[in-house]
Structures are given as C-alpha cells and as structure tokens.
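Have a look at the structure below, then the notes.
The values are calculated or read from the model by the stated rules, or taken from the named source; none is laboratory data. These numbers come from a predicted model, not from an experiment. Here the Cβ positions follow ideal geometry from the backbone for every residue, glycine too, while neighbour counts run over all protein chains shown. Ligands, DNA and RNA are excluded from the accessible area calculation, which covers all protein heavy atoms including side chains. Shrake-Rupley method; radii C 1.70, N 1.55, O 1.52, S 1.80 Å.
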Amino acid sequence: MEMLSVTKGKPSLLKISDTLSLRFQEIGSGPPLLLIHTIRTQLEYFRGLAPLLARSHTVYAIDLPGHGHSPIDPSASFDEPYFRQAVIRLIEKLNLSAVTVVGESIGGTLALTVAASLPQRVKRVYAINPYDYETRYGDGIRRGNWFANFIIGSLQIPVLGAMNASLENKMVLGKIMGGGYHDPRKLPSDLLTEFDEVAHRPGYKRIARKVLAGWRSWSKARDYDRQISAPVTLIYGDSDWSRPNERERTRSLIPASQMLTLKNTGHFSAVENPSELARVIMETE
C-alpha cells in the first residue's frame with residue numbers, strides 16, 4: 001500500500017485517482033470510525049460530534065466529492081453510486097478494517113450502501129436520519145418549510161434554477177437549513193458562514209444542483225438494505241423530515257437493525273444535539 005502523509009488532527013487531501021481526491025481529518029485513537037456528512041455540508045459539520053467520539057475511536061471525518069474543500073470533478077455524476085464508490089475507495093486507500101460507519105442524511109444512506117458493498121471491512125453502522133424517502137426532486141429538504149420548498153423546487157427548472165442557485169447567500173442558506181432543525185436557533189452562525197463561503201468555490205453551485213438531480217438514485221439505494229450483514233442502528237430526530245411509515249420501511253428492510261429516536265432534534269442532529277447522539281452511539285457500540 002502507498003504510504004500516506006497525514007498530519008493527525010489537521011485536514012488532509014487524499015488522492016484516490018487522477019479525477020478523485022477527498023479531504024479528510026483524523027483525530028483520536030482506538031478502533032476506526034468514519035463520519036459521512038449530510039447533503040450540502042462538509043467535515044466541519046461534525047465539529048461537535050467528532051471530538052466526543054474520538055475519546056474512544058480514531059475518527060475519520062470526510063468531505064464527500066465536490067463538497068467542502070474536496071476538489072470538484074465537473075464530469076462526475078454526483079449520484080448515490082458515485083458517492084458510494086468514492087467512500088469505498090477511501091476506506092480501501094486508508095486500509096480501514098472493522099470500521100464503524102456513522103452517517104447523517106445522504107451520509108446515512110451511504111453508510112448503509114457502503115456496508116452492503118464492503119461487508120468484510122464494515123463492523124457496524126449508525127445511519128442517522130437517512131435520506132431514503134426521495135419521491136420527487138429535492139424531497140426531504142423541501143419538507144422543511146415553505147421557503148425551502150419554493151427555492152429547492154425551483155432549482156430543477158432550466159434557466160430559473162441556475163439563476164436562483166447563483167443568488168444563494170448566507171441568509172437564503174440559513175432559511176433553507178433552518179427547516180431541518182427542531183430549533184433553528186441551534187444552527188451556528190459561524191458554521192453557516194463556512195458553508196456559505198465554500199458555496200462560492202467555482203463550480204460548486206452547479207454540482208449542488210447535480211446532486212439534487214440524482215434524486216432517483218437515493219430511492220434505488222434501498223435495494224441494498226437487505227444485503228447488509230453488519231448490525232445497524234437507525235437514529236432519527238423526532239422532528240426529522242422522514243415520516244413514521246418511511247422510518248419503519250427502512251427498519252424492516254435491514255436484517256440486523258434497531259431504531260432509536262432523539263427527542264427535540266431535527267434532521268441535522270450532529271449539530272443540533274451532538275452530546276445525545278454521541279451518548280447513543282457509545283452506549284450501543
């Protein structure tokens with residue numbers, strides 16, 4: 001295996017292929033644990049959760065392709081299979097084994113599909129508010145509030161979508177993301193500033209629309225649920241976008257699964273309620 005030059009605690013860029021590099025951060029010591037963030041965020045999303053888990057694990061937090069400060073490949077599909085293969089290749093490149101995979105939103109769905117694809121390397125899965133209920137473009141996000149429904153829904157419209165995406169700023173992003181919190185006041189302003197600054201990278205808003213355009217691929221990801229052999233804990237915020245029947249459908253498809261609910265918590269639980277989320281993970285790990 002090629003030796004990697006990594007400064008522990010400091011984000012590094014891992015080259016996986018000529019067209020794919022991923023930014024990641026390694027902290028803590030102990031068994032490996034991989035954190036996969038939500039749509040439209042990055043590894044800093046876990047700044048409250050990662051240090052808590054690092055007390056007993058070596059935590060690897062990543063920027064998914066094109067997200068955060070990971071490079072953008074404009075020719076990539078940015079659908080679920082593309083992200084899944086990127087995570088698989090990162091796990092293999094870092095030579096992680098018996099790894100616990102923790103993901104939220106699309107990260108939760110990826111945790112499940114990666115576990116199905118790499119049974120020999122994945123020890124356990126925590127899928128938090130998995131993004132597994134796509135029935136239309138931008139579903140989930142559009143359930144947050146009327147503003148999110150209007151803005152996200154408009155992004156699929158030619159010309160208008162590109163124009164609305166280009167007009168996004170910190171205030172607009174805050175209103176959209178606020179629809180994913182039980183208490184929108186718990187969305188930190190400085191974290192929102194980071195997300196907004198990243199969004200001004202060349203090509204970022206175009207690939208953000210590409211991610212949304214791949215919505216059907218997240219529905220098809222359910223086809224992998226029955227293939228998962230690792231134990232799975234599904235964790236939902238009681239104010240998550242998903243509906244009770246959707247949560248039960250996911251639980252029923254996964255052979256070795258249990259389902260837990262966090263009180264007073266929305267879709268972005270790693271930011272809104274990191275202490276309780278860490279407690280649940282550590283008590284069931």
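The helices (runs of 4 or more DSSP H) located wholly in segment 125-222 that include 1 or more residues which are out of contact with any Leu (no Cβ under 6 Å at 6 or more places or on another chain), open to solvent by 10 Å² or more (accessible area, probe 1.4 Å) and charged (D, E, K, R) occupy 170-178, 189-198, 204-213, 215-220. Set side by side, the residues S105, S77 differ, and just one is closer than 23 Å to K220 by Cα, open to solvent by 40 Å² or more (accessible area, probe 1.4 Å) and among the small types (G, A, S), which is S77. Every condition in (1) farther than 25 Å from P274 by Cα; (2) open to solvent by 40 Å² or more (accessible area, probe 1.4 Å) is met by L118 except one, and the failing one is (2). Using beta carbons and a limit of 8 Å, which pairs, at least six apart or on different chains, have the first residue in segment 156-172 and farther than 19 Å from P202 by Cβ and the second one surrounded by 14 or more Cβ atoms within 10 Å (Cβ to Cβ) and among the hydrophobic types (A, V, I, L, M, F, W, C)? From segment 156-172, the pairs are Q156/L212; Q156/A213; V172/I151. Restricting the search to segment 11-32, which residues are more than 19 Å from the chain's Cα centre (by Cα), open to solvent by 40 Å² or more (accessible area, probe 1.4 Å) and more than 11 Å from P65 (Cβ to Cβ)? Within segment 11-32, K15, D18, S29, G30, P31 qualify.
Any residue in segment 190-205 that is within 14 Å of L167 (Cα to Cα) sitting within a Cβ distance under 9 Å of a residue that is of a type in the set (S, T, N, Q)? List the pairs, counting only those 6 or more apart or interchain. As it stands, the answer is D196/N169; A199/N169; K205/S166, since those pairs meet every condition given.
In the set (1) surrounded by fewer than 16 Cβ atoms within 10 Å (Cβ to Cβ); (2) assigned to a strand (DSSP E or B), the condition left unmet by E248 is number (2).
Only one entry in I228, I254, I281, I235 is over 16 Å from I141 (Cα atoms), of a type in the set (A, V, I, L, M), touching a Pro at 6+ places or on another chain (Cβ under 7 Å) and at pLDDT 95 or above, namely I228.
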